1. Using +1 at the Cβ of each Lys and Arg and -1 at the Cβ of each Asp and Glu in the chain, identify which of G35, T269, I334 lies farthest towards the dipole's positive end.
2. Roughly what would the spin-label model give for A108 and K332, points 7 Å off Cα along C-beta, in nm?
3. Under a crude label model (7 Å from the Cα following the beta-carbon direction), how far is K257 from L3 in nanometres?
4. Label-point separation (nm) for R23 and L320, each offset 7 Å from Cα along Cα-to-Cβ?
5. Tell me which aspartates and glutamates have Cα within less than 19 Å of K78's Cα, excluding those fewer than 8 residues away on the same chain?
6. If neighbour count is taken as other Cβ atoms inside 10 Å, put V182, V267 in order from fewest to most.
7. Report the residue, chosen from N40, N89, N70, that carries the largest GNM mean-square fluctuation when the chain is represented by alpha-carbon nodes joined by springs under 10 Å.
8. What percent does the relative contact order of segment 213-336 come to when contacts are Cα pairs within less than 8 Å and at least six residues apart?
Amino acid sequence: MLLMVEDVREKRDAQKAMETAVRQHLADQGVRNIGFPSGNVDERLYANGSGSLWAAFSKADEAAVPRRWNAFGVFEPKRHAQIITVEINIPTTSNSARVAGFFARDAATGEIYLAHDGSIGGGKAGVGRSAFLAWSKASLEDVRSADGSDRAGIIIGRVDSEDIAGRLWHFVQLVKGFKDAVARGDLDDPAVRQAIAEWENFNSEGSGRRRGRRRSDIDYISYHGDVVERLFEERLARCADDERVLNSKLIDLYVRKGETMTEIYEVKTRTDRQSIYTAIGQLISHSTDAPTGIRRTLVLPEGPLPPDLEKALGSLPIELRRFSLSAGKAPKVILS
């Protein structure tokens with residue numbers, strides 16, 4: 001289970017760890033001007049060169065919701081003012097949902113993760129969180145607050161991990177891709193609008209589905225969305241004209257041929273019994289209205305499975321795929 005980090009000191013320590021980890025991988029570019037819709041500000045900026053991630057950190061104690069200001073974008077050294085792609089701000093004295101960023105702690109390991117609730121404005125009426133989540137196929141995790149409520153968010157990465165800058169760059173590219181798509185008018189396409197509407201319908205039913213995923217020997221938790229994205233790209237590449245590849249909060253990925261669901265995928269980042277039991281139940285329960293021949297696929301990390309579960313999966317109408325991460329400081333998902 002993932003728990004909301006609510007203690008002021010713990011949030012301060014998590015912020016410091018994240019800033020330190022990012023600065024270790026980005027070079028100090030000095031004080032630069034950073035622009036945003038309501039004005040601009042001069043802040044020390046970190047980046048590794050043109051076309052790469054830039055990051056800047058500051059305080060916004062005078063804001064309506066006091067916060068740590070964490071801004072990120074694509075570095076263009078010749079520009080007078082750098083453009084913010086996304087802010088992942090953290091409320092300092094509250095966990096107000098008016099601010100999109102927050103920290104989440106894994107109850108099993110104590111590790112702390114940076115999260116964003118997906119509230120990305122597209123700069124256009126009618127374009128917001130649902131549109132971004134439907135377009136991006138980003139995965140949401142429920143994070144439990146002390147009052148028992150859940151807040152769903154995209155887990156970007158562990159705050160002190162070696163690849164946190166890489167995870168932030170991945171998120172920046174995702175947000176930039178969405179904003180570019182909005183600017184091109186891609187979201188005005190009827191099929192895209194239908195996908196957004198379908199995501200919203202599922203989302204209204206899916207509150208509280210996930211209760212978090214524990215960290216395994218390899219830290220897969222922030223890679224769930226990457227696995228879904230790789231599956232999406234792979235399946236989209238071989239789509240027929242009447243097929244659509246979609247996702248929702250209830251279902252990691254599914255395929256519709258016309259109005260009929262023909263394939264359904266569930267991704268788990270652990271191979272423990274509970275994860276597999278849950279996945280089997282999800283694959284079956286979310287496809288009860290589908291035709292008999294629907295393809296159900298469970299996607300798990302590489303590694304041994306309990307022999308009885310491996311045998312059970314072999315007897316069920318469920319296909320098994322595995323994934324792994326490449327080596328290095330910026331791991332990539334490899335599908336079997």
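1. Checked the options; the winner is G35.
2. 2.9
3. 4.8
4. My value for the distance between the label points is 4.7 nm.
5. Straight-distance partners of K78: D28, D42, E43.
6. On the way: V182 21, V267 24.
Listing V182, V267 from fewest to most nearby Cβ atoms yields V182, V267.
7. Taking springs between Cα atoms under 10 Å, the residue moving most is N40.
8. 20
Where a number appears in this text, it was derived from the coordinates with a stated rule and is not lab data. Keep in mind that this is a model prediction, so the values were computed, not measured. When we count neighbours, we look across all protein chains shown, and the Cβ atoms used for this are built from the backbone with ideal geometry, even at glycine.
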